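The values are calculated or read from the model by the stated rules, or taken from the named source; none is laboratory data. Predicted model only: the values in this text are computed from it and were never measured. In this analysis, Cβ positions are derived from the backbone assuming ideal geometry, glycine residues included, and neighbour counts consider all displayed protein chains. SASA here: full protein model, heavy atoms, side chains in, ligands and nucleic acids out. Shrake-Rupley method; radii C 1.70, N 1.55, O 1.52, S 1.80 Å.
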Amino acid sequence: MKVAVVGAGAIGAFVGAALHRAGAEVHLLARGPHLAALRRDGVVVRSSRPDLDFTARPAATDDPADIGPVDYVFLGLKATSYAACGPLVHPLLHDRTAVIAAQNGIPWWYFHGLDGPLAGHRIESIDPGGSVSAVLPRRRAIGCVVYAATEIEAPGVVRHLEGTRFAIGEPDRGVSRRCAEFSEAMRAGGLKCPVEPDLREDIWIKLLGNISFNPISALARATMGQICRHSDTRALVEAMMRETLAVAAAVGCRPAISVERRLAGAERVGDHKTSTLQDLEKGKPLELDVLLAAVVELAGLTGIPVPTLRAVHALADLLAATSTGAGLPDAA
């Protein structure tokens with residue numbers, strides 16, 4: 001099995017290292033000092049878990065032409081970079097190459113493979129003009145919801161903080177051979193990788209936290225713990241979560257989790273900065289379209305009132321427009 005990791009940041013390098021030690025042929029696409037360290041020392045994974053404290057030495061490059069066609073592309077880029085990632089991805093594709101996108105929020109393939117009135121619908125806020133679908137054809141997509149937390153501690157060094165679960169699934173709800181093969185390799189590398197018959201439930205469960213805590217944390221420059229301990233922002237989170245569940249139900253998904261349980265899980269994380277707040281502090285583009293704008297768009301499409309989501313989206317959208325700049329594709 002040949003795998004290319006496009007965007008070998010904290011999550012991408014972690015997955016690539018695990019697949020490499022499972023025996024897959026892995027190639028990491030990275031740049032700058034991080035690439036130099038990967039070439040020199042490999043991926044150094046540091047974890048409190050002995051089984052996840054290891055070093056792997058997959059190939060690393062900044063040129064996808066050095067890699068050639070692969071069986072799987074693991075996409076570790078931020079969703080904000082998908083429309084521009086064609087030059088990185090296209091040299092890696094053959095007729096059957098699958099693209100596994102480890103993204104937060106609503107994916108560009110969400111209505112692909114579904115029946116009903118929204119079958120094949122393109123969500124403009126995350127696939128404007130079909131620009132993402134043109135680069136990443138939806139037939140190639142395997143969904144992936146990440147429950148692991150990692151960070152780049154130093155160039156070439158990944159700190160594993162918690163979690164090893166990477167849920168994957170086909171957009172058409174089938175259990176395919178390609179999903180089974182990738183899952184087996186991930187498990188052989190020490191990670192959890194269940195193949196879900198309908199990954200959309202996982203997407204909405206994770207989104208409940210991202211859609212609320214991420215924009216609020218950026219607007220308030222606050223950690224998840226601070227948001228939970230402040231009574232008014234806690235109430236704001238609850239309102240955003242309830243509106244999000246109403247939108248999910250309107251598009252045919254009823255995740256088996258309550259707002260109270262999801263909020264309690266987020267509260268246990270404590271004083272953690274969300275990825276959106278971290279991106280804001282680093283001057284990177286904010287990944288809010290797939291987290292917030294897409295749900296507001298779906299609310300309009302289905303006639304669901306979401307006044308809280310719309311208000312927070314207006315503020316977060318202005319923040320994104322005035323405080324961050326464009327750059328090269330960013331690894332997640």
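Taking H placed 1.01 Å from N in the peptide plane, check which residues at least 5 places from residue 99 or on another chain put their amide H under 5 Å from its amide H.
Result for residue 99 returns 73, 141, 142.
If you roll a 1.4 Å probe over segment 242-301 with all protein chains in place, what percent of the accessible area is carbon or sulfur?
Carbon plus sulfur share of accessible area: 47 percent.
What does the accessible area of residue 173 come to, in Å² to the nearest 10, when a probe of 1.4 Å is used?
110 Å²
Grab the beta carbon distance between residue 48 and residue 267, set R0 = 22 Å, and tell me the FRET efficiency rounded to 0.05.
Using R0 = 22 Å, I get an efficiency of 0.50.
On a straight-distance basis, which aspartates and glutamates could pair with residue 2 in a cross-link, Cα separation under 13 angstrom, same-chain partners fewer than 8 positions away excluded?
Candidates past the 8-residue exclusion: 25, 71, 181.
For residue 198 and residue 121, compute 0.36 nm times the residue count separating them, minus their Cα-Cα distance, and round to one decimal in nm.
25.9 nm
By accessible area of protein heavy atoms, probe 1.4 Å, what ranking do 319, 75 get, highest first?
Largest accessible area first, the list is 319, 75.
For the chain, with the dipole built from +1 on Lys and Arg beta-carbon atoms and -1 on Asp and Glu ones, taken about the Cα centre, which of 265, 142, 99 lies farthest toward the positive end?
After comparing all options, I get 265.
Through the Karplus equation 6.51 cos²θ - 1.76 cosθ + 1.60, θ set to phi - 60°, convert the phi angles of segment 77-84 into ³J(HN,Hα) values in whole Hz; use x for Gly and Pro.
Each residue's phi maps through the Karplus curve to give 7, 5, 4, 5, 9, 4, 5, 9 Hz.
Please give the solvent-accessible surface of residue 121 in Å², to the nearest 10, using a probe radius of 1.4 Å with every protein chain present.
60 Å²
Counting only heavy atoms of protein chains, what accessible area per residue, in Å², does the chain have with a probe of 1.4 Å?
41 Å²
Over segment 170-245, what is the mean sequence separation of C-alpha contacts under 8 Å (at least six apart), divided by residue count, expressed as relative contact order in percent?
Across segment 170-245, relative contact order equals 25 percent.
For segment 188-332, compute the number of Lys pairs whose alpha carbons are separated by less than 21 Å, excluding pairs fewer than 8 positions apart on the same chain.
Lysine pair count for segment 188-332: 4.
When only the heavy atoms of the protein chains count and the probe is 1.4 Å, how do 233, 97 rank by accessible area, highest first?
These residues rank, largest area first, as 233, 97.
Would you check the accessible area of residue 146, probe 1.4 Å, heavy atoms only, in square angstrom rounded to 10?
Near enough 10 Å² of accessible area.
Kindly sort 238, 243 by accessible area of their heavy atoms, largest first, with the probe set to 1.4 Å.
Output order, biggest surface exposure first: 238, 243.
For the chain, what's the relative contact order in percent, using C-alpha pairs closer than 8 Å and at least 6 residues apart?
In percent, rounded to a whole number, it is 19.
Compute the separation of the alpha-carbon centres of segment 225-260 and segment 130-175 and state it in Å as a whole number.
Measuring centre to centre over Cα atoms gives 23 Å.
Select from segment 93-157 those GluC sites (Glu not before Pro) which occupy a DSSP coil region and have at most 15 other Cβ atoms within 10 Å, ordered by residue number.
Sparse-neighbourhood loop GluC sites (Glu not before Pro): 124.
Mind listing the phi-derived Karplus ³J(HN,Hα) values for segment 293-305, rounded to whole Hz, using 6.51, -1.76 and 1.60 with θ = phi - 60°, and x for any glycine or proline?
4, 5, 6, 4, 4, 5, 4, x, 5, 9, x, 8, x
Where both partners of a DSSP beta bridge lie in the chain, what percent of those bridges are antiparallel, to the nearest 5?
Here the antiparallel bridges make up roughly 35 percent for the chain.
Which Cα, out of 133, 239, 316, lies furthest along the positive dipole direction of the chain (beta carbon charges, K/R +1, D/E -1)?
The Cα lying farthest towards the positive end belongs to 239.
Tell me, what % of the accessible area of segment 1-106 is carbon and sulfur with a 1.4 angstrom probe?
49 percent
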